[in-house]
Amino acid sequence: MKQLIISIGREFGSAGHEIAERLAKRYGLPLYDHNLLDEVAASHNMDSQELQEYDEMKHNKFLYRSINGMSSSPADNVANMQFNFLLDKAEKGQSFVIVGRCSETILKDYEGLVSVFIIGDMESKVARVQHLYGKSEKEAERFIREKDRKRKKYHDSRCKSKWSDSHTYDLSLNSSKLGLEGSVDFLADYIDRRMKGTK
């Protein structure tokens with residue numbers, strides 16, 4: 001079987017994580033998302049709780065510096081540990097699904113990479129966040145905007161490409177239009193065609 005790496009970028013509330021879960025199950029692949037820190041920590045004999053504090057934080061070139069390729073920023077070091085973990089998996093020919101972590105850029109040189117960005121209508125995202133987190137409509141919308149702002153800052157501080165820019169990904173998909181199952185089926189069809197070498 002050819003190597004398959006499915007990279008999922010997503011707006012908060014767009015069901016991107018659940019879509020990634022279902023694709024991982026459909027293809028029988030490991031999924032790396034929130035559990036990535038646990039995997040990284042285990043590979044370095046560290047406590048994942050120590051890394052959690054610095055996860056997905058933007059690079060701040062004014063507070064920290066790099067000497068001989070080593071950064072004095074804990075956030076940079078945590079990010080690089082995750083990037084190196086993914087690159088090691090990819091280099092060994094392993095297949096997996098990865099959510100976020102600049103993976104569409106970090107792994108862009110691998111032929112088996114399929115990168116997708118999931119968006120959603122604000123109304124649908126607000127309803128989903130209200131249901132999942134028990135927030136009011138205004139709280140949900142504010143929460144979504146805060147989460148997406150953080151993701152954008154993290155991504156754009158570590159990549160030359162821009163988060164959510166459709167040119168950065170192979171495919172952008174509005175999950176509000178197709179629904180959860182429809183989105184998974186659409187992406188699976190696209191992935192299958194890509195793996196067969198058809199466009």
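The values are calculated or read from the model by the stated rules, or taken from the named source; none is laboratory data. Source: prediction; values computed, not measured. Don't worry about glycine lacking a Cβ; one is built from the backbone with ideal geometry, like all the others, and counts go over all protein chains shown. Heavy atoms of the whole protein, side chains included, go into the accessibility calculation; ligands, DNA and RNA do not. Shrake-Rupley method; radii C 1.70, N 1.55, O 1.52, S 1.80 Å.
Below is a table of values for the structure above.
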| item | result |
| --- | --- |
| Scattering curve values for the stretch 5-197, log₁₀ I(q)/I(0), Debye with Cα scatterers, q = 0.09 Å⁻¹ | -0.34 |
| Rounded accessible area per residue of the stretch 5-197, 1.4 Å, Å² | 55 Å² |
| The chain, helix-only ellipticity at 222 nm - DSSP H runs n ≥ 4, -39,500 (n - 2.57), divided by all residues, nearest 500 | -16000 deg cm²/dmol |
| In sequence order, calculated HN-Hα J values of the stretch 9-15 (Karplus, 6.51, -1.76, 1.60; Hz; x Gly/Pro) | x, 7, 6, 5, x, 8, 6 |
| Under-5 Å amide H pairs with Gly9, H placed in peptide plane, nonlocal only | Gly100, Val116, Phe117, Ile118 |
| Centre separation in Å (Cα based) which lies between the stretch 154-198 and the stretch 3-38 | 12 Å |
| Estimated vicinal HN-Hα couplings, Hz - the stretch 139-154 in sequence order (Karplus 6.51, -1.76, 1.60; Gly, Pro = x) | 4, 5, 5, 5, 4, 4, 5, 5, 5, 5, 4, 5, 5, 4, 4, 4 |
| Accessible area of the stretch 5-197 belonging to carbon and sulfur atoms, whole % at 1.4 Å probe | 47 percent |
| Share antiparallel - DSSP beta bridges, the chain, percent rounded to 5 | 10 percent |
| In order through the stretch 17-32: 3J(HN,Hα) via Karplus (6.51 cos²θ - 1.76 cosθ + 1.60), integer Hz, x for Gly, Pro | 5, 5, 4, 4, 4, 6, 5, 4, 5, 4, 9, x, 10, x, 10, 10 |
| Unit charges on C-beta of K, R, D, E only; dipole of the stretch 5-197, Debye | 540 debye |
